Amino acid sequence: MKAVVYNGPRDIGVADVPDAKIEKPTDALVRITSSNICGSDLHMYEGRTDLEPGKVLGHENLGEVIEVGNAVERVKVGDRVCLPFNVSCGCCENCERGLTAACLVMNPGKVGAGYGYAGMGPYRGGQAELLRVPHADFNCLVLPPDAQERENDYVMLADIFPTGYHATELAGVMPGDTVVVYGSGPVGLMAAYSAIIKGASKVMVVDAHKDRLALAEQIGAIPIHDTEDSGVDQVLELTQGKGADRGCECVGFQCFNCAGHEVPNLTMNNLVRAVRATGSIGVVGVFMPQDPGAATEQAKHGQIAFDYGRLWEKGQRLGTGQTSVKQYNRHLCKLIEAGKAKPSFIVSHELPLAKAPEGYRHFDARDAGWTKVVLKPAMA
């Protein structure tokens with residue numbers, strides 16, 4: 001089968017690899033019809049992780065079930081399914097509590113597993129023609145009858161829509177709250193969208209990319225084109241000097257200031273300043289424990305200079321961590337089916353698998369207009 005394979009920093013290719021296949025009775029085999037390029041894929045693409053060459057990428061996957069193991073009961077051949085990026089067993093202590101991002105079984109020696117990602121187990125990704133899905137009855141979200149018609153909406157349930165929603169849950173967003181989101185990439189836009197769905201009275205989105213801020217404005221958020229001091233000042237001005245009730249960090253360790261320099265602690269410290277006393281912050285941007293490509297020795301070990309004293313003084317709460325997609329994907333699926341959510345508004349490009357290197361290159365460069373790329377293996 002054809003698949004997107006990591007060869008080294010900023011070097012991916014589309015290669016022939018052995019077909020994915022049923023390996024255990026609880027597996028399903030899915031013919032992939034959509035697989036997104038995620039912002040977190042770029043960390044690997046840039047060589048900022050310990051990803052081994054030869055890995056098949058892709059953790060935002062949707063497709064059609066073409067084969068199931070003889071122990072699979074719920075999922076049927078012909079079902080269109082969206083796959084959470086978490087690969088979970090469904091029955092360990094954490095999975096039983098709904099914390100599928102922290103599965104204790106699927107990545108021995110570590111907590112949490114995922115498709116096609118550094119440090120998250122042996123599972124190949126879905127930027128390919130076929131994908132093996134372990135524990136299919138648990139991990140497959142069977143989609144409604146309009147799945148094919150609205151595929152670009154439903155594929156967002158694999159990661160970024162639940163992740164954006166998770167940011168608002170970690171932050172405790174309630175109806176009537178004022179919310180500031182740092183980052184207007186796909187996850188930041190989904191966090192802003194989720195806050196609006198939840199009934200926030202005012203949503204502000206801070207970034208340095210005008211094309212992405214335009215999408216934030218399109219959904220009813222207030223764009224703030226300054227990631228530095230002036231951006232904080234604008235948030236304070238828009239909240240009568242108090243600061244936002246809730247903040248969402250949707251950038252992570254590869255944060256850039258307005259001059260284009262990487263400043264890994266910028267968003268975290270600015271959120272502490274921009275959120276009111278006793279407010280709360282949800283952090284879903286990726287912060288890696290090791291970063292071989294970092295500019296400083298401290299950053300290479302995943303450490304940042306964080307303004308903890310101000311956080312403590314203001315009595316703010318901080319929630320962090322990967323999203324347990326299954327906590328949210330069924331509910332968000334119902335919003336899409338009912339026409340109350342259309343997360344595909346972020347999609348800028350649909351590309352065949354063969355053009356994945358082009359998609360990665362433009363998305364990594366943050367080229368204007370490249371907000372979300374969906375790969376379509378069947379596209380010519």
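Within the stretch 96-119, restricting attention to residues that are closer than 10 Å to residue 322 by Cβ and of a type in the set (Val, Ile, Thr), which residue is surrounded by the fewest Cβ atoms within 10 Å (Cβ to Cβ)? Ranking the candidates gives 111 first. Inside the stretch 166-184, can you point out the residues that are surrounded by fewer than 24 Cβ atoms within 10 Å (Cβ to Cβ) and more than 14 Å from residue 282 (Cβ to Cβ)? Residues satisfying the conditions are 175, 176. Here residue 251 meets the list (1) assigned to a strand (DSSP E or B); (2) under 17 Å from the mean Cα position of the chain (by Cα) almost entirely, failing just condition (1).
For the stretch 366-376, the criterion of being polar (S, T, N, Q), touching a residue at least 60 places away in the same chain (Cβ under 8 Å), out of contact with any strand residue (DSSP E or B) (no Cβ under 8 Å at 6 or more places or on another chain) and open to solvent by less than 20 Å² (accessible area, probe 1.4 Å) is met by at least one residue.
Only residues that are among the β-branched types (Val, Ile, Thr) and in contact with a helix residue (DSSP H, G or I) (Cβ under 7 Å, 6 or more places away or on another chain): list them for the stretch 1-51, please. Scanning the stretch 1-51 gives 4, 12, 14, 26, 33, 37, 49.
Note on the stretch 232-243: residues that are surrounded by fewer than 24 Cβ atoms within 10 Å (Cβ to Cβ) and at negative phi total 8. Do you know which residues across the stretch 206-229 are open to solvent by less than 60 Å² (accessible area, probe 1.4 Å) and in contact with a Cys (Cβ under 9 Å, 6 or more places away or on another chain)? Within the stretch 206-229, 208, 226, 227 qualify.
One residue stands out in the stretch 244-266 among those that are touching a Gly at 6+ places or on another chain (Cβ under 8 Å) and surrounded by fewer than 24 Cβ atoms within 10 Å (Cβ to Cβ): the one that is modelled with the highest pLDDT, namely 245. The set of residues from the stretch 34-71 being closer than 11 Å to residue 136 by Cα and either touching a Ser or Thr at 6+ places or on another chain (Cβ under 7 Å) or open to solvent by less than 20 Å² (accessible area, probe 1.4 Å) (or both) comprises 65, 69, 71. Of everything in the stretch 232-244 that's under 17 Å from residue 280 (Cα atoms) and either outside any strand (DSSP E or B) or among the basic types (Lys, Arg) (or both), which residue is farthest from the chain's Cα centre (by Cα)? The residue in question is 241.
Applying the condition of being out of contact with any helix residue (DSSP H, G or I) (no Cβ under 9 Å at 6 or more places or on another chain) and either among the small types (Gly, Ala, Ser) or over 27 Å from residue 334 (Cβ atoms) (or both) to the stretch 191-205 and asking which residue is most open to solvent (accessible area, probe 1.4 Å) yields 201.
On the given criteria, is residue 358 in contact (Cβ under 8 Å) with a residue 40 or more places away in the chain and closer than 19 Å to residue 128 by Cα? Taking the combined requirement at face value, the residue does not satisfy it.
Among the numbered conditions (1) out of contact with any helix residue (DSSP H, G or I) (no Cβ under 6 Å at 6 or more places or on another chain); (2) crowded, with 18+ Cβ neighbours inside 10 Å; (3) of a type in the set (S, T, N, Q), the only one that residue 324 does not meet is (1).
Within the stretch 277-311, the set of residues being modelled with pLDDT of 90 or more, small (Gly, Ala, Ser) and surrounded by 14 or more Cβ atoms within 10 Å (Cβ to Cβ) comprises 279, 280, 282, 285. Contact annotation: residue pairs with Cβ atoms under 8 Å, 6 or more positions apart or on different chains, pairing a residue in the stretch 165-181 that is within 22 Å of residue 225 (Cβ to Cβ) with a partner that is of a type in the set (Ser, Thr, Tyr) and outside any loop (DSSP other than H, G, I, E, B), are 167/194; 179/168. Looking at 10, 74, 31, just one residue is open to solvent by 50 Å² or more (accessible area, probe 1.4 Å), in contact with a Phe, Trp or Tyr (Cβ under 7 Å, 6 or more places away or on another chain) and touching a residue at least 24 places away in the same chain (Cβ under 8 Å), and that residue is 10. Report the residue count in the stretch 101-147 for those that are outside any loop (DSSP other than H, G, I, E, B) and not aliphatic (A, V, I, L, M). The qualifying residues number 5.
The values are calculated or read from the model by the stated rules, or taken from the named source; none is laboratory data. All of these numbers come straight from a predicted model, not from anything done at the bench. Backbone-built Cβ (ideal geometry, glycine too); neighbour counts: all protein chains shown. Just so you know, the surface numbers come from the protein's heavy atoms only, side chains and all, with ligands and any DNA or RNA stripped out. Shrake-Rupley method; radii C 1.70, N 1.55, O 1.52, S 1.80 Å.
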